[in-house]
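Beneath this line is the structure, given in structure tokens, with notes to follow.
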Amino acid sequence: MQRYCSHLLVLPPLLFIVSFLCVVPIISGQNVSGLIEAVDVGVILDADNIVGKVSQTCISMALEDFYTLNHQNHSATRIILHTRDSKGDDLEAASAAIDLLKNVKVQAILGPQRSSQAEFVVDIGSKTQVPIISQAMSPSLSPTDNPYFIRGAHIGSSQVESLTAIIKAFGWREVVLIYEDTDYGRGLVPYITDAFVGISTQVKHRSVLSLSASDDHILQELYKLMTIRTRVFVVHMLPSLASRFFTKVKQLEMMKKGYAWIITDGLTALLHSMDPGAINCMQGVIGVKPYIPKSSQLENFKVRWRKRFQQQNADMDRIELNVFGLWAYDSVTALAMAVGRSGIGKSKFKKPVAMENSTDLVAIGTSEMGPRLLQSIQNIKFKGLSGDFHLVNGQLQPSAFQIVNVIGRGEIRGVGFWTREYGISKDLSLSSNKNYTTNKEDLGVIWPGESDIVPKGWEMPTGEKKLRVGVPVKAGFREFISVERDPKTNAVIPKGFCIEVFKEVMESLPYAVPYEFCPFETPDGESAGSYDDLVYEIFLGNYDAVVGDITIVSNRSRFVDFTLPYTESGVAMVVPFKDDDRKNAWIFMKPLKMDLWLTTGFLFVFTGFVVWLVEHRVNKEFRGPPGKQVGMIFWFSFSTLVFAHKEKLISNLSRFVVIVWVFVVLVLTSSYTASLTSMLTVQKLKPSITDIRDLKQAKEHVGYQQDSFVAGLLKNKAFDPSNFKNYSTFEEYDEALSRGSKNGGVAAIIDELPYIRLFLSDRKYCAKYTMVGPIYKTAGFGFAFPKGSPLVPDVSRAVLSVTEGDAFTRIQNEWLGEGATCAEQDGARVTSDSLTLDSFKGLFLVAGVASLSALILFMSIFLYDNWDILASNDLSMRQKLVVMAKTFDEEKDNSSNASKRKTPTGESMAVPAAARADCPQSPASNNSQLAEWIFSHDEGFSSTETSTPVHETIEIESNEER
């Protein structure tokens, strides 16, 4: 009985061992029996690497979980894993792949995870048509170029957009890129550089560190970084090098207020695996990493994974599950799904016809299962532990990135998110972007030095205490800038309007920028060159900025960056007044422009003609010989200029025309008198030259300020350089303009508006000269800085703030005066110009309409009264015109309106007495005879008759009546 009981006690363990032995072959790679088909899959990992250890545990658990949850749907095939250690070496990884393919006949390979190792293995997989599922992130390795490569991780360049968004959000214009000298490190550099150029951010410096770099070499590189002004650093390296690097950064006190450190996703995702001491040296660092959404399945897996990992790696502590392990888990799941969907039976490698060398890759052959397996896996999508695991043409599609901040004792705190659709946001909401923000303050980042103030990204480097500011040295125009020296210390003391504005601007910056002025001079105290030479000194690195009356022009902007201008812009001419017109014998013609003279003359004649036409038949004063009548037309209209017309008007139409015309004459003569008076008294203020083209055509001498860009401007306008003369003071300006071009001086001074305003504000100059223009557009005075200087945006904003405030007005009044012009000092002086037709268009329109209306009304009445002549069918047009002219020339008898005429058809027709005396009296006379008589005697109708001809009635019978 005791023996039987002992057998019963042994039975449960025995049953457990038997069942375990049935399951073990599925995982360990032993042959499986029954109907289950084994699919051999190779795994290449770095067993000494933390990513490799984490991934190995995740891979084995993924296979167990998949077949446990999908036992019914995937019972025909089972994946058998065959693991190899790459030992961190590229050749070892390639050798492991060849071993798996040649000896094990694997149908797929998981890994390796390093990009340099993956390049060899992917090439081997392409030749043997075996899919390689790797987490290599290097952008240089692409599934497009390698069809049998499946990337089970985000491509490294996918994070570039999130990094760019961070740089842009905080307004940094310069960054320093630090990366490791590996395929992983170098692969991202071109993408980051191009992306930063798109947001006008310059990669100021690149620092490359080898994985085997000594601590001394790292310190030497950091010392070099301390000497440049940029304080924003983007670090792209893995934890093995990053731990030593940030330890040295902390040692050199580069992890303090004012610095900004940004790390890429490869390092951010592995921060938990780093040494606590190294993490403590990274306080204030921000980084990006792929966002893993929380789920109950993920939390359950973390608990099981931690227990399994500690069992397999008892000597390791504080290791957390990372995104690479989750991607490995989901990659195995995707592979198992693809194997099950393919419905693949027993497969093998297709050998080549001839095998000369068994170690050659050709001798391995090509997988028959590989192409079908590739087709099943390269476009797969499911919900995995890492989120949406979506492969498109063999590339895992990225979703969101999380922005994290290293703060506290190794604590990594999420501060925001980035998505391609919504950019940076405080909280991630993919369905509705209610929390979108571009406000950098909303993220709540704690920066190095435990500061909540966003670093400016630029500061004076260690060892260079002050900004070197170059200033010009000049003899004149001291109101703008002058350089003096302290007699005791020989210290440079610049003064002037430009210097005071610069000081006010620098004081208004939100941070301190120490500077010192360096005069641009020769050892003997003279100017060392032109303003173009001074600006070019910045490009050469001799100055950090240039301050003075420096004009912003295009050729200078090729070498430096200018701030916004702080003075008005433009170039103008200073010319003497011209007062010789008062001695001109024809000055009386100048009050009116030629078009106004011609229009006025035409209206004079037209008005006189209309009045004569209306008054001719009813007013004896408008009758007489032709010469008298023509003279009356001109006399009457022109006599209205002085209101000397004595003719009595009878017709209301002519009276209406004259009333309107007299009003026009009154306005016109008053304007002419005022303009002529103004010319005779104020004409001396008219400039002697009004157009710069007149100077060029006359080949006059032209003056400009010494060392000014105006000389180049004049050359561009085709001026003869032999006619140029440069001057250094306002006194020289005055002397040159007074002498004139013919006497060794100049006809005009061409300079910028600030100088001209100051020159003409002096009473002794403003009465003699005037300004013409501006003739050319410039941007005004500005401060010059090196290309890409981060100071430029801040100084430009400060310039706007200063110029809009009271401080600028105070500085301007102190150095340039109140800005009063000649007109403000000596009373209003207006240059008189000739009157133009535009000023009288309305007035002339009224007069013209009045005269034209009277003409039309008179002609309508006259034609109506004599319509019987026009309607006659027996008179030619010429004959009708002759009769109408004779009728118009007759003096109208206003007392007798009963006369009647009969037409040739039987109506009464008035015929002059002279015509009646010679006209045939026989009743047999016909209409044609009358017409012939009129034609033969048309010259007998004299308009010189002074008495009213007697109209009688002649009855002319028609042919029918005879």
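For P721, the shell of other residues with beta-carbons less than 15 Å away shows a net charge of +3, using +1 for Lys and Arg and -1 for Asp and Glu.
Expected output is a single nm value to one decimal: the length gained when fully extending between F588 and K787, i.e. 0.36 nm times separation in residues minus the C-alpha distance. What is it?
Details: separation 199, 0.36 × 199 = 71.64 nm, distance 6.13 nm.
Gain on stretching F588 to K787: 65.5 nm.
Compute the distance from the alpha-carbon center of the stretch 379-413 to that of the stretch 689-759, in whole Å. Taking the Cα centre of the stretch 689-759 as reference, the centre of the stretch 379-413 is 69 Å away. Exposure proxy for F382, F577: other Cβ atoms within 10 Å of each Cβ, ordered fewest to most, give F382, F577. Taking 13 Å as the cut-off, the amide N atoms of the stretch 661-700 that come nearer than this to a point 7 Å along the Cα-to-beta-carbon line of D720 belong to 695-700.
Taking amide hydrogens as placed 1.01 Å from N in the peptide plane, the amide H of R78 sits under 5 Å from those of E37, A38, V39, each at least 5 positions away in sequence or on another chain.
When only Cα pairs under 8 Å and 6 or more residues apart are kept, what is the percent relative contact order across the stretch 581-685? Walk me through the numbers on the way to the answer.
Numbers: 73 pairs, mean separation 38.6, N = 105.
That works out to 37 percent.
For the stretch 581-685, what log10 I(q)/I(0) values come out of the Debye formula at q = 0.17, 0.21, 0.23 1/Å, with one point per alpha carbon and no solvent? Cα-only, vacuum Debye calculation for the stretch 581-685: -0.81, -1.05, -1.19. Proximity of backbone amide H atoms, modeled 1.01 Å from N, is registered between L467 and Y515, E516 at under 5 Å, excluding neighbours fewer than 5 places apart on the same chain. So the label point goes 7 Å from the Cα of I36 along Cα→C-beta, right? Which residues of the stretch 364-404 then have their backbone N under 11 Å from it? Within reach of a label on I36: no residues.
Among E521, E484, sorting on how many other beta-carbon atoms sit within 10 Å of each Cβ, with the fewest leading, yields E484, E521.
With each label point set 7 Å from Cα along the Cα-Cβ vector, what nm distance links E320 and L800? Calculated label separation equals 4.2 nm.
Taking a Cβ cut-off of under 10 Å around L177, the surrounding Lys, Arg, Asp and Glu residues balance to a net charge of +2, with basic ones at +1 and acidic ones at -1. Rounded to the nearest 0.05, the FRET efficiency derived from the C-beta distance between L857 and K620 at R0 = 22 Å is 0.45. Evaluating 6.51 cos²θ - 1.76 cosθ + 1.60 at θ = phi - 60° for every residue in the stretch 531-547, the Karplus couplings come out as 5, 4, 5, 5, 5, 5, 4, 5, 4, 7, x, 7, 10, 9, 6, 10, 10 Hz, glycine and proline recorded as x.
The dipole here belongs to the stretch 581-685: it is taken about the Cα centre, uses +1 on the Cβ of Lys and Arg and -1 on the Cβ of Asp and Glu, and is about 180 debye. Taking the DSSP bridge list for the stretch 20-464 and keeping only pairs wholly inside it, about 45 percent are antiparallel.
Label-to-label distance for K294 and W597 is 9.5 nm, based on points extended 7 Å past Cα in the beta-carbon direction. Near the amide H of Q202, within less than 5 Å, lie the amide hydrogens of E174, V175, all on another chain or at least 5 residues away, with H placed in the peptide plane. For the pair T522 and N379, label points projected 7 Å from Cα toward Cβ lie 7.8 nm apart.
Which stretch or stretches of the stretch 282-296 have amide N atoms under 11 Å from the point lying 7 Å from L219's Cα along the Cα→Cβ direction? The answer is none, because no backbone nitrogen lies closer than 11 Å to the label point.
Taken together, the values in this text are just the output of simple stated rules run on the coordinates, not laboratory data. Quantities reported herein were computed from a predicted structural model and do not represent experimental measurements. Here Cβ is always computed from backbone atoms with ideal geometry, including for glycine, and neighbour counts include all displayed protein chains.
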